[in-house]
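Here's the structure, in structure tokens; my notes come after.
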Amino acid sequence: MYKLLPFVLICSTLTLHAQVEKANVGRLLNTLAADSMMGRKAGSPQADKASAFIAAEFRKAGLSIFTGAPDYLQTFSINRSETISAEGSYDSITVDNGEMLAFASQEDINWDNSGAEKTFLPKGQNLAQKVFALSEEKGNHIIFADTSFRRQLNRFRSFPLQRFPGSGNLVVVLSLKDPSQYHVSVKSRLIATPLRNVVGIVPGKRSDEYVIFSGHYDHLGTGKPVEGDSIFNGANDDASGTTAVIALAKFFAKKKQPERTLLFVAFTAEESGGFGATYFSEQLKPEKVVTMFNIEMIGTESKWGKNSAYITGYERTDFGAMLQKNLKGTGFSFYPDPYPTQNLFFRSDNATLAKLGVPAHTISTSKMDSEKFYHTVNDEVETLDLDNMTMIIKAIAASSKGIVDGKQTPSRVKDLK
């Protein structure tokens, strides 16, 4: 454990990063978390407004446009399906519409004993966990779930599970047993939602070695009013991380050309399934990504107090130890994730690349066991510590120097259990 130095001494040891200014951090944060952004729900006009603001900041910073893209906005779509009709049977037992649920990426599904990977889920298992896990996989899947899951199945009907076009279909059928034969026929209406990542680049001398700085700019939008407030501003989650990405982009754009190519990414749709990060990762060859600094909720003090943060998946690579070594003498400390049971390593936008072996980690300060404004209408700028947040951004810039300069390369992720 590193002893924390007085705040003034920490400031003096990070003077090389004076370009990261509190005033600018506050300006970015206040703009992204303003009531006029209406909570930045992915796919909403306000999310488009936020992405346009981020793109304008990248342009002012002088960032280049990612190879092959027309501008800073990386546009794609996801589909939400509405079932028009559904019928089926298994082992001569007829299944009615109320005993089936489809999450479709195509309008017509007709499966007869084939066309999908079959899973049987007996009583006592976790249906939600299985549905979410299979929804992240490509291809067609059919789950025959014990009839004891009827109530859970009905709850899913109001959940807008979405999929990439052509990614496959997921059908859930209530059943009395694991069938040997089955037939399902589903007709769906597909409703497309256009989404936007924002991507800027600082070209390095090594064009095929990427270092990514990222955060997600979407949040929950609006909801039922609480004491007259219906806007989930998402100042900490994750306007704070997006602010850090923009500030870091400005910082690195002003420096001499880096050895490695730097990508600055503001992801959309993290809150609704990580679609932005998934789409972005498919545009890259994972072996070309040296590392990923994903920044998520850095506006409050960590459990260790000021001038500290934690890194998810710390034990999986030497990324965290490398960053901490680079901060020796600054008084700033990076710690391992103190909330291992919450599986945070796989709950943010680093997860997609981490699963491909990239040392992609999330940096955060959020006290996940006691962050009282998390996912509430009270997650507003006034609840955050801008001085500490600014220092965290400076520490990230300082800790990344060896990696950006091409002198350090974190080990790859191996154990994905």
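The values are calculated or read from the model by the stated rules, or taken from the named source; none is laboratory data. Keep in mind the model is a prediction, meaning the values are calculated, not measured. Please note: Cβ atoms are built from the backbone with ideal geometry, for glycine as well, and neighbour counts cover all protein chains shown. Note: areas computed on protein heavy atoms with side chains; ligands, DNA, RNA excluded. Shrake-Rupley method; radii C 1.70, N 1.55, O 1.52, S 1.80 Å.
Here the dipole of the chain is about 1260 debye; that uses its Cα centre as origin and unit charges on the Cβ of Lys and Arg (positive) and Asp and Glu (negative).
Here the mean projected area of the convex hull built on the C-alpha positions of segment 239-386 is 9.6 nm². Can you give the helix-only mean residue ellipticity at 222 nm for the chain, where every DSSP H stretch with n ≥ 4 adds -39500 (n - 2.57) and the sum goes over all residues, rounded to the nearest 500 deg cm²/dmol? My calculation for the chain gives -7000 deg cm²/dmol from helical runs alone. Each Lys and Arg contributes +1 and each Asp and Glu -1, all at the Cβ; summed about the Cα centre of segment 275-380, the dipole is approximately 300 debye. These residues, Ile298, Ile231, go from largest to smallest accessible area, 1.4 Å probe, as Ile231, Ile298.
In segment 54-174, one over the average inverse separation of all distinct C-alpha pairs is 16.5 Å, which is the Kirkwood hydrodynamic radius. Based on the Stokes-Einstein relation at 10 °C and a viscosity of 1.306 mPa s, and on the Kirkwood radius from alpha carbon pairs, segment 179-225 is assigned a translational diffusion coefficient of 92 µm²/s. In terms of Cα atoms, the Rg and Dmax of segment 141-274 work out to 22.0, 66 Å. Annotation note: trypsin sites (Lys or Arg not before Pro) in segment 261-352 located in DSSP loop regions with a Cβ neighbour count of at most 14 within 10 Å are Lys328.
Computed with a 1.4 Å probe over protein heavy atoms only, the accessible area of Trp111 comes to about 10 Å².
Please give me the summed charge of the neighbours of Gln74: other residues whose Cβ is under 12 Å from its Cβ, Lys and Arg +1, Asp and Glu -1. So the environment of Gln74 carries a net charge of -1. Remark: segment 172-320 carries a charge dipole of roughly 520 debye about the Cα centre, counting +1 on each Lys and Arg Cβ and -1 on each Asp and Glu Cβ. Shape call for segment 248-287 from the C-alpha gyration tensor, a ≥ b ≥ c root eigenvalues: rounded (a/c under 1.5), prolate (a/b greater than b/c) or oblate? Oblate, since a/c reaches 1.5 and b/c is not below a/b. Dimensions of segment 78-125 from C-alpha coordinates, computed as largest minus smallest value along each principal axis and given longest first, are 31, 25, 22 Å. So which of Lys205/Lys407; Lys367/Lys407; Lys49/Lys256; Lys254/Lys394 end up more than 23 Å apart by C-alpha? Listed pairs above 23 Å: Lys367/Lys407; Lys49/Lys256.
The translational diffusion coefficient of the chain, from Stokes-Einstein at 37 °C and 0.692 mPa s with a Kirkwood hydrodynamic radius over alpha carbon pairs, comes to 145 µm²/s.
Listed by chain and number, the lysines whose C-alpha is less than 27 Å from the C-alpha of Lys130, apart from same-chain residues fewer than 8 away, are Lys41, Lys118, Lys138, Lys177, Lys187, Lys355, Lys414, Lys417.
Here the chain carries DSSP beta bridges of which approximately 55% are antiparallel, counting only pairs with both residues inside. Taking the dipole about the Cα centre of the chain, with the C-beta of Lys and Arg at +1 and of Asp and Glu at -1, give me whichever of Ala351, Pro179, Thr94 is farthest to the positive side. Checking the options against the dipole of the chain, the answer is Ala351.
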